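One structure below.
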Amino acid sequence: MSSPATANQGEVARTIAGLVVLFGLAWLAGHPKLARFEQRAKVNPLIVTGFVFVLLGSLAAQQWVGILTYTVLNAIAPIVPLGLGWLGFRIGFSYDHSILDSSPPASGVLLAIIFPLLFTAAGCALVIFALNPENLANPDLWRDVSLCAVAAAMTSAISLRTHASRRPDVLSADALSRFAEVEQAIGILGLMFIAVYFRPTGDAVAWKLPPVAWLFVTLGVGLAMGVLAYGLLRATPKGPPFVVILIGVICMSAGMASFLRLSVVAVCFLVGLIVANFPGDWKPQVEVVLERMARPIVFILLVVAGALWSPFDWRGWALMGIFVVARLAGKTVGLWAAGRAGVSTLQKTERQAIALAPVGVFAIAIIISARDLYPGALVQIMLTAVIGAAFFSEIILLAVFPRLPQRT
């Protein structure tokens, strides 16, 4: 048996190797040639390149490889809140308030979210009841079901834009992007309420507050960090110092949210939203940095998702079946209801594309955030459902896509 010192040295070596692998893959993911190749081929980066990175993460987590083991993932755990915070900040900073005054209205998007959310939750509840009715009284299971349901309600904006670029006569890229943007904002709101009302328990949670108080804490942290971020960014000169301050602001916001067991994505979304609404000639530089770092951050999250993924657990594949069917049925019913009620100006072909489109990186981020919030969450099983559903839904969309008629 090895000594503790030897074991610690081995863990340190594997941690360093894990960091090297992650940053190496991040550099590869952000390479301009890879992005240009995807644009020329008009392929969905999440399904093609992203799935490869998920497989690389899963491979690195295997015991015979030993690079991204459970111990290593715990050692480099701050990478996850950073990635989630960067994603939330980017969504908040780029959020356009004017989309609420144009198509599609928020009420139409809400219908497209509510039905897949309810259908997924109902399908999961039926399976839980069939396996063991007593589990219905377990709040942790309902927490995981809620996270799965919110993830199922999301749509991949990248997939919609990719297919719109292939057939502009069928799909409007602007209308679909606005739809996905409103959908993400509603999804962040749902994630914030889950983090508020399903609080983790144990000695690690120091404060004991009612859910409404935690809601105000979430809003307060986002507001305070947003004002602080504006003050720092406004006073920082352009160039490398500006990039360092921006990264530091996101790290501080994500770290504060993670320490308080709040939704990192929701808090950083609020920070980005507040910063974007302050005046300043420095905001174009923020957009450049966020855009340049987007691909590396997203693919790092996908590598981590692959390392957490447990593809050999049959429960995940069973959940994936519920996920795909409930999401497809819910999106179809919701978008049909929005069209019948006149609260959506999307064309029929665009509603069909949204119903068939897969979930995106944001849905995977919702599941990964469960690991930061709830150590006991069934993240491995839920990742199988989300990753598998994204892959198979994209195949379904590719099969149906050539038969979509032109817009009228």
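Listed by first and then second residue, the pairs linking a residue in the stretch 356-370 that is touching a residue at least 60 places away in the same chain (Cβ under 8 Å) to a residue that is part of a helix (DSSP H, G or I) and among the hydroxyl-bearing types (Ser, Thr, Tyr), with Cβ atoms under 7 Å apart and 6 or more places separating them unless they lie on different chains, are Ala357/Ser159; Ala357/Ser393; Pro358/Ser159; Pro358/Ser393; Gly360/Ser159.
To keep it simple, each residue is scored yes or no on (1) modelled with pLDDT of 90 or more; (2) among the hydroxyl-bearing types (Ser, Thr, Tyr); (3) on the phi > 0 side of the Ramachandran plot; (4) crowded, with 17+ Cβ neighbours inside 10 Å.
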residue: Leu219; (1), (2), (3), (4): yes, no, no, no
residue: Leu228; (1), (2), (3), (4): yes, no, no, no
residue: Ala235; (1), (2), (3), (4): no, no, no, no
residue: Val243; (1), (2), (3), (4): no, no, no, yes
residue: Ile250; (1), (2), (3), (4): yes, no, no, yes
residue: Ala257; (1), (2), (3), (4): yes, no, no, yes
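Scanning the stretch 143-195 for residues that are over 17 Å from Pro358 (Cα atoms), basic (Lys, Arg) and in a helix (DSSP H, G or I) yields a single hit, Arg143. The set of residues in the stretch 263-281 being within 25 Å of the chain's Cα centre (by Cα) and surrounded by fewer than 24 Cβ atoms within 10 Å (Cβ to Cβ) consists of Leu273, Ile274, Ala276, Asn277.
For the stretch 145-181, a residue qualifies if it is among the β-branched types (Val, Ile, Thr) and at pLDDT below 85, and the qualifying residues are Ile158, Thr162, Val170.
The values are calculated or read from the model by the stated rules, or taken from the named source; none is laboratory data. These numbers come from a predicted model, not from an experiment. Neighbour counts run over all protein chains shown; Cβ positions are idealised from the backbone, glycine included.
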